[in-house]
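One structure is given below, encoded as structure tokens.
The values are calculated or read from the model by the stated rules, or taken from the named source; none is laboratory data. No experiment lies behind these values; they were computed from the predicted model shown. Methodologically, a virtual Cβ is constructed for each residue, glycine included, from the backbone with ideal geometry; neighbour enumeration extends over all protein chains shown.
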Amino acid sequence: MGHDRQHVAIVGAGPTGLEAALACVDSGRPFTVYEASPRVAGNVRAWGHVALFTPWDMVVSPRMARHLAAAGLEVPSGDGVPTGAELVERLLDPVAALPSLAPHVRLGARVVTIGRQGLRKHEEIATPERGSRPFRLLIDTPAGEQVTTAEVVLDCTGSYHNANPLGDGGIPAPGERALGGDIVRQLPDFEAEADGWTGRRVLLAGAGASAQTAARSLAALVEDDDSGEVVWVVREEFPTWGAVADDPLPARASLVAEAERLAAGGHPRVTVRTGVEVERLERRDGRIGVTLRNGGDPEEVVVDRVLALTGYVGDHDLYRQLQVHECYATAAPIELSAALLGSAAGDCLEQVSHGPDVLRNPEPNFFILGMKSYGRVNQYLMRIGWEQVDDVFSLLDQT
């Protein structure tokens, strides 16, 4: 099938999705980008108030730089570390507005699920017939549901909006689902929302970068607030906080140092509890009772707010009607997951693309790219997404 007939559906207009769109422009392939949010990079905007660890020189791809420069637009560079909002404003918005991209980006178009025309998941296993049928994408739009088709689908949807539950074993704790939106599951903008957090007793759960960032901000909020308190619960008994020896990323090193300080009792109004599981949650006279377990008898703490930053996973329901082979442990595509686990993952700065073949699925011409492709392996770096795009297009060139 010629490039001019091989329509590419790109799901998600974040950093990897826009990189893939530019690759389509470079290769002459027709394409459409579907973004669920009303503006591009909806996931990035959700954490726009948060600074990255990596500087501009590590977050602007060569392809993006080339297209921006050719249009006479600024190419962000240097060792300054942008926030998510700055990344969108100075890089992703200008890229999406390029004349070669803008007509092909559909905003407010959420891809609900993807299938194969005339086939179910279990039919035509590993036969040429399956690859000859176009994909069918069900899309929610402001005008209602629509179905569209494509010969190639790139899932670049990321994972930020799909939070892990609080309970032991990775399932919701009893009472967690009933609390619904009363549990905050994304990193708040504490400066803009200070009134909602000042003077509150807050239960914070999680140990990763988002939880550490929240702990640092909450510690600053309760510094001079006798009525505020933070109870920080961490499932691991001996968390490493993601520390990297001789860390070349100062912003990350500073965050880890602050987490270590708080864990060592460095703040009188922040208590860090390690080796703790959340057993149950329930409403208590306008507050939230949280039962914690640490090997012995359960203990209840009563708080005003619960902030659950326990990690995120991709939306795997998108491709449940496709033949995708996932790793049973990481939920990433099996070949890529095996490569990542085989190399013991390592620091994100040490990550490299493992080549085109690890991105193949049993489903022909369906690829999971970007952060979502790493599943529960958390060493993803934005540069990997660019390399994956190049790898996939090298495969498409062979068809």
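If only residues of the stretch 1-20 that are aliphatic (A, V, I, L, M) and touching a helix residue (DSSP H, G or I) at 6+ places or on another chain (Cβ under 8 Å) are counted, the one that is surrounded by the fewest Cβ atoms within 10 Å (Cβ to Cβ) is 8. With the requirement that a residue be in contact (Cβ under 8 Å) with a residue 60 or more places away in the chain and surrounded by fewer than 16 Cβ atoms within 10 Å (Cβ to Cβ), what does the stretch 113-137 give you? Hits for the stretch 113-137 are 113, 120, 121, 125, 126. Within the stretch 161-195, the residues that satisfy the criterion of being under 22 Å from the mean Cα position of the chain (by Cα), in a loop (DSSP other than H, G, I, E, B) and within 22 Å of residue 215 (Cα to Cα) are 161, 162, 164, 165, 166, 185, 186, 187, 188, 189, 190. Any residue that is closer than 21 Å to residue 6 by Cα, out of contact with any strand residue (DSSP E or B) (no Cβ under 7 Å at 6 or more places or on another chain) and not acidic (Asp, Glu) - is there at least one of those in the stretch 149-161? Within the stretch 149-161, not a single residue is closer than 21 Å to residue 6 by Cα, out of contact with any strand residue (DSSP E or B) (no Cβ under 7 Å at 6 or more places or on another chain) and not acidic (Asp, Glu).
Results for (1) in the same structural domain as residue 184 (by TED's automatic domain parsing); (2) under 28 Å from the mean Cα position of the chain (by Cα); (3) not hydroxyl-bearing (Ser, Thr, Tyr), shown as yes or no for each residue.
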position	(1), (2), (3)
265	yes, no, yes
268	yes, no, yes
273	yes, yes, yes
277	yes, yes, yes
280	yes, yes, yes
290	yes, yes, yes
317	no, yes, yes
323	no, yes, yes
329	no, yes, yes
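Among the strands (runs of 3 or more DSSP E) confined to the stretch 242-297, the ones with at least 3 residues that are touching a Gly at 6+ places or on another chain (Cβ under 7 Å) are located at 277-284.
Okay, residues lined up against (1) assigned to a helix (DSSP H, G or I); (2) modelled with pLDDT under 90; (3) among the aromatic types (Phe, Trp, Tyr):
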site: 306; (1), (2), (3): no, no, no
site: 321; (1), (2), (3): no, no, no
site: 329; (1), (2), (3): no, yes, no
site: 339; (1), (2), (3): yes, yes, no
site: 344; (1), (2), (3): no, yes, no
site: 367; (1), (2), (3): no, no, yes
site: 388; (1), (2), (3): yes, no, no
site: 393; (1), (2), (3): yes, no, yes
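Taking the condition closer than 30 Å to residue 368 by Cα, surrounded by fewer than 19 Cβ atoms within 10 Å (Cβ to Cβ) and either at pLDDT 95 or above or outside the structural domain of residue 41 (by TED's automatic domain parsing) (or both), does residue 206 pass? When the stated conditions are applied, residue 206 does not pass them. For the stretch 33-74, list the helices (runs of 4 or more DSSP H) that sit wholly inside it and hold at least 2 residues that are in contact (Cβ under 8 Å) with a residue 24 or more places away in the chain, closer than 22 Å to residue 190 by Cα and in the same structural domain as residue 389 (by TED's automatic domain parsing); which are they? Ranges flagged: 42-46. Specify the residue that is nearest to the chain's Cα centre (by Cα); the eligible residues are those in the stretch 66-84 that are of a type in the set (A, V, I, L, M) and surrounded by fewer than 17 Cβ atoms within 10 Å (Cβ to Cβ). That would be 75. The condition of being part of a loop (DSSP other than H, G, I, E, B) and either free of Cβ contacts under 8 Å to residues at least 12 places away in the same chain or of a type outside the set (Phe, Trp, Tyr) (or both) holds for only one of 20, 13, that being 13. For residues that are of a type in the set (A, V, I, L, M, F, W, C) and within 17 Å of the chain's Cα centre (by Cα), scanning just the stretch 21-41, find the one that is surrounded by the most Cβ atoms within 10 Å (Cβ to Cβ). Top of the filtered list is 41.
Yes or no, residue by residue, for (1) closer than 26 Å to residue 389 by Cβ; (2) not in a helix (DSSP H, G or I):
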position: 93; (1), (2): yes, no
position: 121; (1), (2): no, yes
position: 149; (1), (2): yes, yes
position: 159; (1), (2): yes, yes
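Among the residues of the stretch 136-152, which ones are among the polar types (S, T, N, Q) and touching an Asp or Glu at 6+ places or on another chain (Cβ under 9 Å)? Matches in the stretch 136-152: 146 only.
Just one of the listed residues (154, 187) is of a type in the set (A, V, I, L, M), at pLDDT below 95 and under 25 Å from residue 19 (Cβ atoms), namely 187.
Residue 95: aliphatic (A, V, I, L, M) and within 19 Å of the chain's Cα centre (by Cα), yes or no? Here the answer is no, as residue 95 does not meet what is asked.
Taken over the stretch 240-255, the criterion of being touching an Asp or Glu at 6+ places or on another chain (Cβ under 9 Å), among the aliphatic types (A, V, I, L, M) and free of Cβ contacts under 8 Å to residues at least 60 places away in the same chain is satisfied by 243, 253.
Of the residues making up the stretch 196-232, those that are among the hydrophobic types (A, V, I, L, M, F, W, C), part of a helix (DSSP H, G or I) and out of contact with any His (no Cβ under 7 Å at 6 or more places or on another chain) number 7. For residue 173, the conditions (1) modelled with pLDDT of 95 or more; (2) surrounded by fewer than 19 Cβ atoms within 10 Å (Cβ to Cβ) are fulfilled apart from (2).
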